[in-house]
Structures are given as C-alpha cells and as structure tokens.
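Here's the structure, in structure tokens; my notes come after.
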Amino acid sequence: MKNKKIIFFVIGIFVLFSLINFAQTKKLRQIGRYKFASINDDLPKEEVMKILLDRYREDIKYGFDLSGYGDLFLPFIDQIKQSPVEEKELAIGDKMMWMLYRIGGEVKIVRDLEWAGTEPLPVLSSSVVKDNKRYDFIVPRPCGNIALQKVEAISREEYRPPAEPSEAPPEKEHEIRKAKIFEEVYPLISESDLYCSFFVLEEKVPPMKIIGAEREYERVQFNNDDVVYVNYGRQNGLEEGQVFLVLELGSKVRNFGQLAYKRGRVRIVALEDRGGAARVEKACGPVEVGQHLVPFEEKETLMVKDLGYDVPPYEGIGVKGEIIYLQGDYVQIGKNAWGLINLGEDNGIQLGQQLLVYRRLHENVPLMIFGNLVVIDVQKKTSTVKVLSCKDVLMIGDTVQVRTD
C-alpha cells in the first residue's frame, strides 16, 4: 500500500511538471524569419499600417478568426486608420498574448509569447477600443507581424477618439485611379469567407461532434495540428482521411434556425469501431470539445468584378428579401463584413451571386441604393453574404434585391 502511494505521488509530480512545462511562455529570440508582410524599413509609420490594412485585409481577417478575436476585426480595421501610431521598443521580457505570422504563404498564429532577444525590439504601436476595453497592438518593424500585446479595461471617460484632421491633405497632381469596381478581375470570395464565416443551420443538429482531445488536460481550445477525439467510428461509416467542417452553434435567428460558426476543419487520422481521432488541419477560431462536425465540401474562390450599386434608384422586378443578422451581433456593418439574408436556394439564390441593397427613407421619393453584396454560403431559406462595396452602413431590415442587369 505504501509503495502504491509513492508511485501515485511520483506520477503526480511528473504530471505537474509536465503541465508547467506545457504552460510556459514561448521565448521569442529573433524576428523576421516568418514575415506576415514584407515592409520597407524606410516607410513612415503611418504608411506601414496603411499597407497592412489595404493589402492584407483578408489575411488579417483570417488571422483574427484564427485567434478567437474575430469580433475585433472590424473595430481594428476602422480604428487603426484613425488612431495615432507610435514608435516604441518592446523591452526584453515583455509579453504578447498572440502574434500573426506567415509560413509557406499560410497565415498562422502563436500564443503566449515573450520577447527574449538580446536587445529591445523596435515596434509600431496602436490601440483599439471595444466594449470598454482597450486592445494594445504592436507590429515589429522587421517582419510586419501583428501582435496583441495586452487588453485593459477602461472607463468611457478615459477613451478619447483620435481627432479628425483640421484640413484635408492636398491632392497629388496627376494621380487618377480607377474605382475598385472598374479595376481588373480580383477575388471576391476568399477561403476565409468560405470556411471561416457562419450560416443558419436549418436542419437538425449534427450528431457527430468532438468529445475530447489529446491535450484537454492542458487547455480547452485547440489549434492547427492538435488531435481531437470524435464520437463516430467505423460502425458509422467513417474512413481514415475523411475531412469534416467544425461548427460552433450559437443563438437562434428568428424562426430560421441556429447560427453555425465555421471554426475550421479536421481530418480523420485513426478509427475504432465507435470513435476516432482527427487532426485539426486549419483552425479559424477556437476549436473546442462539444463542437459539431459535418462533411467538408471544398469550394472554389470566385474571381470576378464587383458590379457596384450604380443603378437607377427604383425597385426592380427581381426577388426581394432583407438583412436578418449582422456579423458579431453588430448594429451596423460596412465593407467586407458578413451578414445573413432571408433568401436562399428556394428563391433561386446561388453561391457567388451579387445582390443590391437599398433603403426607402421616405414615401414617394426615390430609393437609396447604397450597397452591393456577394453570396458566400447558401442554405434553403437563408444565405450568408459579404459586403463588397457600399456608401452607407448596412443595418438589419435593409432590403436586398436580386440584380436584373
């Protein structure tokens, strides 16, 4: 009996030290090997942030979804453009909650970092405010990686939005650019739109789900290359190599069904008769125990032009619906954000179709047509859309119409 107690004690000590080791902060000793974006050292600090936001918007969105901070993407895009950018130094020993980087062309995330270089690291610093919290972001000069350094609670009185410039900057002579909708063909639907957005689950809740993970004793959220366990096996017709989409179920959207957030995909790597193991191939949000799995369907990104909203201001004869939900439960959204409409396959809606958005401000006056959407997911009675272009914010209840031009 005494020997057994000693054995259990030794095992307990081993497990404790293992957990401490796994939980240790990762030491970052050099920077620039895995660059999120190549940035010229001579560029002014404001220009660096502008390049990141303009050229790498979709990658940033994917990275924020990957980090579990997807609802911070729009405030980040909107506020960083107006917030002051400071040049600072990250002291040796300073920590970061997470950092976006790129390897082999693919956006990745690493969490819980500490700068452990031989000297302070030059960074650009700016902040975003949302829900009485300030999120401090930094971008190391040598690599263009985006890192969330810390989050602090603030009072409304403490936050002062950046002042708008007193006078507009002078226009550059002879600089005439085409509006984006008239530029060459470019991708309207990205992988992030297809596999990291959301939709309305109009059918029954999928019975296949994640029931555990190899490292569930250490953490509750899992990322790329982690192994999770599923409640289906050979007796359910599963085969090794099959790929499944991970879904996190949310609140109900009217009477249509539950919100289903796409959190990534997993591939079956081992099977028993009544269960199996799957490896997370690509996470775009927190993958957790209890989330559901459905067969993964690969879709192609769409390369076409944004048709815009420059059309006559009157109702056409096309099918009409309305916006019923906005990304992140926002009151309003803008360009590149996602929403839901109450039109779907039953109304002839197809993936990649572009739709107009309009609003009637007063009776007996022309409509205000102010936005163009693209369909990124289609169900029977609902569809997920992305805002391609707009001249005003979109709100729940705005009318959506199928284009007839």
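The values are calculated or read from the model by the stated rules, or taken from the named source; none is laboratory data. Fair warning: this is a prediction, and the values are worked out from it, not measured in the lab. Note that we place each Cβ from the backbone using ideal geometry, even for glycine, and neighbour counts take in every protein chain shown.
The table below lists the values:
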item: Residue in segment 119-127 that is assigned by TED's automatic domain parsing to the domain that holds D54, surrounded by 13 or more Cβ atoms within 10 Å (Cβ to Cβ) and under 18 Å from N224 (Cβ atoms) present; result: no
item: Enumeration of residues in segment 104-138 that are in contact with a Lys or Arg (Cβ under 9 Å, 6 or more places away or on another chain) and β-branched (V, I, T); result: V110, T118, V123, V128, I138
item: Test: residue in segment 352-360 that is more than 19 Å from Y309 (Cα to Cα) and modelled with pLDDT of 95 or more; result: no
item: Subset of segment 79-107 (residues that are surrounded by fewer than 18 Cβ atoms within 10 Å (Cβ to Cβ), in a strand (DSSP E or B) and of a type in the set (A, V, I, L, M)); result: M97, I103
item: Considering residues of segment 19-78 that are modelled with pLDDT under 80 and polar (S, T, N, Q) only, the residue surrounded by the most Cβ atoms within 10 Å (Cβ to Cβ); result: T25
item: Breaking point among (1) surrounded by fewer than 18 Cβ atoms within 10 Å (Cβ to Cβ); (2) assigned to a strand (DSSP E or B); (3) of a type outside the set (K, R); (4) modelled with pLDDT of 95 or more, for I323; result: (1)
item: Residues satisfying the stated conditions in segment 372-405, i.e. small (G, A, S), under 16 Å from N336 (Cα atoms) and modelled with pLDDT of 95 or more; result: S383
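Here's the yes/no breakdown for (1) surrounded by 13 or more Cβ atoms within 10 Å (Cβ to Cβ); (2) modelled with pLDDT of 90 or more:
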{"site": "V220", "(1), (2)": "no, no"}
{"site": "D225", "(1), (2)": "no, no"}
{"site": "G233", "(1), (2)": "yes, yes"}
{"site": "L249", "(1), (2)": "yes, yes"}
{"site": "G276", "(1), (2)": "yes, yes"}
{"site": "L293", "(1), (2)": "yes, yes"}
{"site": "G318", "(1), (2)": "yes, no"}
